[in-house]
Structure formats: structure tokens, C-alpha cells
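What follows draws every value from the coordinates through simple rules; no lab data is involved. Computed from a prediction, not measured in an experiment: that's the story for all the values here. Ideal geometry is used to build each Cβ from the backbone, glycine not excepted, and the neighbour counts take in all protein chains shown.
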Amino acid sequence: MAQSISQEAIGATGLPGATSASRHAGATTSGAPVSGTFAVGDFIVDQSGAMYVCTVAGTPGTWQLSGVSVNENIAGKNFVINGGMDIWQRGTSFAPSASTVSTYTADRWIHFRGGLVLGSTIAQVASGLTGFNYAMRVQRNSGNTSTQSLQISTSIETQNSLPMAGQTVNFSFWARAGANYSGSTLGAVLQYGTGTDQLISNGFTGATTISTSNSALTTSWQRFTYSATVASTATQLGCYFSFTPTGTAGANDYYDITGVQLEIAPQATPFSRAGGSIGGELALCQRYFWQITADTSNANAVLAGIGTANTTTSYATPVQFPVTMRAVPSTTVAFANLQAVDGANSYTITSLSLVGGTNSTQTGLLYFGITVGTLTQFRPYWTRSSVAGGYIGITAEL
């Protein structure tokens, strides 16, 4: 027999200190009621989690917001840094060489190929997806007939992984395929390991797969979600996406990824950046890698401040990192298209390193060298870009 439930005022007699009745009046999709007749003390909870209380009786009455919905864009909820593919300090397009198996692309993401095969491109693209500006596109270039898998991965350092040990986590992401890949599957793997600060692309110590799936892609964006339980012995987590192409590649042979999220939750919640904002996300990325890049419209951009020539072929410049880095940065520094300038003369920079023993996680001493020309010892020099796109890159990656 069907039963009906009527709404009745809840008396206050059993609630110490309370003197007025109240009544739950149902829910709305979003916001206070816009129709219906309500009494003072009626309250509703809309489907976003916000609560409203009727303060003046009427149709629909006057409503006061008394409890806001949960803010999903909370820093630290998502353990995947740069899951929205927002930060690309190293550049926005990569074509790995034949001698390179692993290539850092978007910040915190590595492209890994199953073999030394030419003909893949990883690039930033506009997502066209509501709520996301960018996506990562992994593409097998036209004419490439290789069937080696194309992977991208991210590794979460140990101290950020430890809170997930013994927890139920949810792994989610948005993906789509080019027309030639539509109907194909994308492998999505979540793993934990028992080592410390390792790369999943190199293999975790004690690697254990806790979630694996083959997600059927279409040309439209889809969100995929998977739950898993992390062992209490886990000390590091990471994830990777893998696709094995078939046939001869064309312009539409690619898959796109964005909105990657790993959270402690039994079910997926709306995506948020690990840093909670675009500025917070950039700071988290710079903890691992920091690149100073000349604006493409300014070929003479200053990239490092005043330093002093210690010899006729080198000078040193102290540098303050924008954030405290994960570890003392590598003494090997990436660079391109730099000049030493003293106001009257310029010299092409041919070598660059961090001076060993002078660096910390917050500061460093950059050591610039030239091979053509002669610097004046003890004269001050600054560093500029010789062409648009010149850069200095400092790394403390895993």
C-alpha cells in the first residue's frame, strides 16, 4: 500500500532553549523557492547543498540564505597538480626526438613512448569544454605507422601521497578522441608504490595497480570516474594514460585529456585545481620546475639580474626562486638564446649551471659562460634573451 508523507511543523518542546517551530519544506534545484506559500521558519536545502530559511511568510515569502553549498574548488582536495592542463612553462608543443623516451610536457606531466619511434606530438589545445580552458592532446603524426603505445603520466611525491594510504580514493578525468580514434579505448591506470619520490614512468618500487580501465572514447567529451582503495603501506601514487594506435596516422589520430583528479572520496566531486586557483597551481608547479621565458613580443627581455664577472669568460648572478622548491635544484640548467650585456657590449652565452655548494631550495647562484669575446673582470653584467623565446629553466623534479 502506498503511503503519503505530510509536512508538519516540528514543535520545539523537545529542544532545550528553542521556542519556535520549524518545518522542512522540501528542496529546489538551486536557490530559494520562487513559487508556493510558506510560513516563517520553513527551510529548504537546494540540490547544491545551500540552505534557505523563510523569514517572512507569504507566496513565496522572504528567504534568507543561511548555509552555503560546499565549495568544491578547495586547494589540496585534488592530489594531481596541473590536472586541468593549465600550466605549460616549458612550451605548448613537443615533438620528442628519436633518442628521447620520456619528455616533460605540461608541468608535472611526462610523455612516454613504448619505443624509440618518431612521429608523435604533445600539445596544449583549447578544450571547448565548459569549465576548462585547456587540454593536452597526444597525437600520432600523419604518416606514422608505428603501433607503439603513447603514454602520459604524472607522479605524486611521497609526502603528498601519504595522506591517501589506507583510504578510498576516486580517480576521474575528461577525455575525447579524434575522428580516427573514436570508438577506441584509452587505458587509465592508477598505481601505488612503496618507494620514495619516484617516477611512475620509470617504475615504482613495489608497484601495485589499484585501478585500471579501458575507457571507450568518442569525439565528444566524457567524464570517467573510478574508485579504488589504497593500501596502508603505500608511500607514493601516480597515474598514466596509454593508447596503442593502429593503422596509418592522419590528422585526426589523437586523444585529449583534461580535468584529471585524484581525491579522497568514495565518489567523484566536481573538478578543482590542486592549488585552488590558477596562481596557486602555478606556485605548486614552480616547486618542481621554474622557467623564466622571454615574452615572444620582446627579444630583449631581461631574464636574470646583475651579476659580476669573476673571470674574462664567466660571470655569476644570484637568483631568488619564486617559491621554495621541492629539493635543491639540479646543477644542470636548461637554457637557450641568452646574452650577457654590460650596456655597451653583448656576448652570446654558451654555458649555464648552478654553482655547486651555493644553492638551497630558495636561492641559487647562476654561473654563465661565454666562448667568444672577453668579459671585463669584476664588471657587472645582466642576462637578456637574444631572440623572442629565450629562457632559463631550473629543475627540482622527481
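Between Asn82, Asn202, Asn300, find the one with the highest GNM mean-square fluctuation for the chain; connect C-alpha pairs within less than 10 Å.
Ranking Asn82, Asn202, Asn300 by mean-square fluctuation puts Asn202 first.
Can you work out the PRE-style zone for Thr331? Point 7 Å along Cα to Cβ, and I want the residues of region 367-382 with backbone N under 16 Å.
Backbone N within reach: 367-369.
Ranked from highest to lowest mean number of other Cβ atoms within 10 Å per residue, what is the order of the peptides 385-392, 263-270?
385-392, 263-270
Full extension from Val387 to Leu65: what is 0.36 nm times the residue separation minus their Cα-Cα distance, to one decimal in nm?
Details: separation 322, 0.36 × 322 = 115.92 nm, distance 5.57 nm.
Taking 0.36 nm per residue and subtracting the Cα distance, the gain is 110.4 nm.
Pulled fully out, how much extra length does the chain show between Thr363 and Ser277, if you take 0.36 nm times their separation in residues and subtract their Cα-Cα distance? Present the calculation step by step, with values, prior to reporting the outcome.
Details: separation 86, 0.36 × 86 = 30.96 nm, distance 2.53 nm.
Once the chain is fully extended between Thr363 and Ser277, it gains 28.4 nm.
Using 0.36 nm per residue, how much length does the chain from Thr19 to Gln320 gain when fully extended, once their Cα-Cα distance is taken away? Intermediate results must be reported in sequence, preceding the final value.
Numbers: separation 301, 0.36 × 301 = 108.36 nm, distance 6.16 nm.
Extra length from Thr19 to Gln320 when fully extended: 102.2 nm.
Return the sequence-ordered ³J(HN,Hα) values of region 259-264 in whole Hz as given by the Karplus equation 6.51 cos²θ - 1.76 cosθ + 1.60 applied to θ = phi - 60°, using x for Gly and Pro.
For region 259-264, the Karplus curve yields x, 6, 9, 10, 9, 7 Hz.
Quickly rank 24-33, 362-371 as a protection proxy: mean count of other C-beta atoms within 10 Å, highest first. If you can, show how the numbers build up before the last one.
Numbers: 24-33: 14.4, 362-371: 18.3.
Result, highest mean Cβ count within 10 Å first: 362-371, 24-33.
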